[in-house]
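Enquirer: Right, I'll just put the structure down here and ask away after.
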Amino acid sequence: MFHFRKSTSSSVDKGWAWVVLFGCFMEYLIILGMFKSFGLFFVEYQKKFSATSSVISMVLSVQTIIASVLSIVVMGIGTRFFGEQSLIISAALFGLSSSLGNAFATHSSVLFFTQSTLFALTAVTAHTPCTLILGKYFEKRRGMANAIANVGGSLGGLALPPFFAYLFELYGLQGALITAGGIFLHFIPIGMLMRPIERKATAVPDIDEKDNDHDKMVNGLSDKKCSSNDRIKDELENEVREKLSAKRFDSSGNSQQSISSTEDDRNIQVKPSKLMGSLANISVTISMDGNNLANSKLEIDKDIDHSEKSRNCCMKFLFTLFDFSLFKNGQFILLISFSVLVCGACSIPITYIPPFAKDQGLQTELIGILVTISAASDLVGRFLFVFIADNKKIERRHMMTIAMVANGATCFMAFISTNFTYLAIFGILQAMFGGVYYSMINVLVVDFIGLEKLNYGIAFTAVTRGISIAMTSMAVGILRDTTGSYVSGFSLMGVCSIVGGIILLFKPCVST
């Protein structure tokens with residue numbers, strides 16, 4: 001087995017960091033290029049399986065949901081126990097299995113496993129670890145590094161669709177999918193480049209420190225309940241004594257028959273109904289022989305200790321999966337709210353420009369030109385953003401606010417986009433401003449919650465991204481069916497983008 005040495009803090013912003021950036025560039029090119037090529041496969045799947053649009057669309061929806069859920073698991077557990085290198089290399093196997101499964105599938109239902117599940121695993125195990133390790137290798141140039149990586153995604157979206165269209169003509173769907181499986185195998189050398197980096201303790205707390213923080217939070221809950229547990233046991237013992245005394249004396253104060261210690265002694269059931277939590281179900285059986293009181297107390301201690309151990313194990317697992325203390329961080333909540341509002345407005349418009357152009361009476365050839373222009377504009381916008389990403393004269397959140405407000409204003413251009421010229425301007429501006437979100441969101445996560453919790457931030461932004469896209473798509477579809485036009489849908493996205501951009505300005509007013 002090959003062993004690669006770790007990088008140290010001396011590689012931050014220089015040295016091996018540029019090799020890592022190249023690997024991330026290639027990973028973005030493959031994954032995002034495959035995402036943007038799905039429309040071509042969409043048509044081919046319909047032909048092969050004679051499936052309706054709704055079935056293939058559902059495959060994509062399920063894929064988005066699974067990817068969102070897996071993001072939390074991979075970032076919370078996968079990167080913690082397996083490391084970024086292993087996950088990225090495993091993505092090659094998932095991608096190969098997905099492509100081969102799609103190539104030899106005999107029914108559209110198989111796609112719910114091969115495409116929805118396996119491709120979601122491929123995307124999550126490749127994309128999120130690359131994003132995480134890129135954030136660790138860059139500090140002063142983090143904005144520029146993320147922008148360059150996203151250029152790879154734009155280049156993939158521009159290059160892979162025509163490449164697969166050529167493969168369809170040359171080898172058919174099956175041959176194109178087998179070739180796609182070979183492309184996914186490039187994640188093996190990419191993963192080998194992603195060697196881990198050991199940052200200084202002041203910059204990134206190590207895993208043990210994070211474990212201690214989680215243990216303190218979990219044990220803190222137990223410490224708070226320690227005194228209450230002792231009080232509970234005392235109350236139980238007192239209640240048992242009272243029951244025993246009540247059995248020895250009747251209401252007139254006369255002594256009852258002697259309590260025998262034979263096997264037919266009756267038992268007294270004590271149920272602490274006033275207790276809370278997991279102790280509410282404790283039922284203690286005490287023999288009328290007072291000598292068994294010590295045994296009863298021992299059983300109570302065992303039940304409480306077992307309950308506390310089970311609770312601690314569950315809490316540790318949950319804190320491993322996700323750091324729930326982030327929900328007490330006002331700035332994290334602000335960032336998540338921003339992501340839910342603007343992500344759909346940055347992702348969905350490019351999807352609905354072609355059908356919107358069709359409603360305006362444009363020919364298919366002109367619609368194809370519109371899509372190409374939008375993809376090229378996205379690439380140019382990412383290149384331009386590389387040079388301004390780490391500008392020290394303006395804060396990153398202010399840059400994001402400007403871009404999101406401009407993106408929202410662009411969406412309102414739908415009111416006047418009735419011909420090819422206006423639609424082309426619409427597509428160019430939306431691609432340039434909307435792409436800023438994907439270039440900067442990971443940088444903003446570090447600015448808002450810190451580098452040590454970047455993995456949790458990336459995981460949750462992936463979840464909010466899926467939620468935002470799903471909700472926005474549904475709303476746009478409903479508005480189109482209701483009003484007969486996509487204009488109202490674009491207006492909704494414009495409002496969401498502007499509001500989301502403005503709320504970032506309230507960061508100084510929100511406590512951490």
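Enquirer: Say whether the condition of being farther than 16 Å from residue 36 by Cβ, part of a helix (DSSP H, G or I) and open to solvent by 20 Å² or more (accessible area, probe 1.4 Å) is met by at least one residue in segment 143-158.
Expert: Among the residues of segment 143-158, at least one is farther than 16 Å from residue 36 by Cβ, part of a helix (DSSP H, G or I) and open to solvent by 20 Å² or more (accessible area, probe 1.4 Å), which makes the answer yes.
Enquirer: Filter segment 386-426 for residues that are within 17 Å of residue 490 (Cβ to Cβ) and not in a helix (DSSP H, G or I); which is least open to solvent (accessible area, probe 1.4 Å)?
Expert: If we take residues in segment 386-426 being within 17 Å of residue 490 (Cβ to Cβ) and not in a helix (DSSP H, G or I), then 417 is least open to solvent (accessible area, probe 1.4 Å).
Enquirer: Going through 117, 122, 131 one at a time, which residue ends up being closer than 22 Å to residue 459 by Cβ, open to solvent by 10 Å² or more (accessible area, probe 1.4 Å) and assigned to a helix (DSSP H, G or I)?
Expert: 117
Enquirer: Let me ask something additional. Hey, residue 474 hits all of (1) closer than 29 Å to residue 128 by Cα; (2) crowded, with 17+ Cβ neighbours inside 10 Å; (3) not acidic (Asp, Glu) but one; which does it fall short on?
Expert: (2)
Enquirer: Take the conditions touching a helix residue (DSSP H, G or I) at 6+ places or on another chain (Cβ under 6 Å), surrounded by fewer than 20 Cβ atoms within 10 Å (Cβ to Cβ) and in contact (Cβ under 8 Å) with a residue 60 or more places away in the chain and apply them to residue 495. Does it pass?
Expert: No.
Enquirer: Okay, moving on. Mind counting the residues in segment 353-376 that are closer than 29 Å to residue 398 by Cα and either touching a Gly at 6+ places or on another chain (Cβ under 7 Å) or not in a helix (DSSP H, G or I) (or both)?
Expert: Total satisfying the criteria: 4.
Enquirer: I'd like the full set of residues that are open to solvent by 80 Å² or more (accessible area, probe 1.4 Å) and modelled with pLDDT under 50, limited to segment 177-205.
Expert: Selection gives 202 alone.
Enquirer: I'd like to know if segment 64-79 contains one or more residues that are farther than 18 Å from residue 37 by Cα, free of Cβ contacts under 8 Å to residues at least 40 places away in the same chain and out of contact with any Leu (no Cβ under 9 Å at 6 or more places or on another chain).
Expert: Scanning segment 64-79, I find no residue that is farther than 18 Å from residue 37 by Cα, free of Cβ contacts under 8 Å to residues at least 40 places away in the same chain and out of contact with any Leu (no Cβ under 9 Å at 6 or more places or on another chain), so the answer is no.
Enquirer: Output the residues belonging to segment 30-60 that are hydroxyl-bearing (Ser, Thr, Tyr), modelled with pLDDT of 75 or more and either surrounded by fewer than 17 Cβ atoms within 10 Å (Cβ to Cβ) or out of contact with any Phe, Trp or Tyr (no Cβ under 8 Å at 6 or more places or on another chain) (or both).
Expert: 45, 50
Enquirer: Let me ask something additional. Can you confirm whether residue 429 is at pLDDT 85 or above and open to solvent by 10 Å² or more (accessible area, probe 1.4 Å)?
Expert: yes
Enquirer: Turning to a different aspect of this structure: Which residue out of 460, 448, 385 is farther than 22 Å from residue 337 by Cβ and in contact (Cβ under 8 Å) with a residue 60 or more places away in the chain?
Expert: That would be 385, the only listed residue that is farther than 22 Å from residue 337 by Cβ and in contact (Cβ under 8 Å) with a residue 60 or more places away in the chain.
Enquirer: May I pose another question? Answer with yes or no whether residue 98 is touching an Asp or Glu at 6+ places or on another chain (Cβ under 9 Å), assigned to a helix (DSSP H, G or I) and hydroxyl-bearing (Ser, Thr, Tyr).
Expert: For residue 98, the condition - touching an Asp or Glu at 6+ places or on another chain (Cβ under 9 Å), assigned to a helix (DSSP H, G or I) and hydroxyl-bearing (Ser, Thr, Tyr) - is not met.
The values are calculated or read from the model by the stated rules, or taken from the named source; none is laboratory data. Note that the structure is predicted; figures quoted are calculated from it, not measured. As a convention, Cβ positions derive from the backbone with ideal geometry for all residues, glycine included, and neighbour counts pool all protein chains shown. All accessible areas refer to the heavy atoms of the entire protein, side chains included, with ligands and DNA or RNA removed. Shrake-Rupley method; radii C 1.70, N 1.55, O 1.52, S 1.80 Å.
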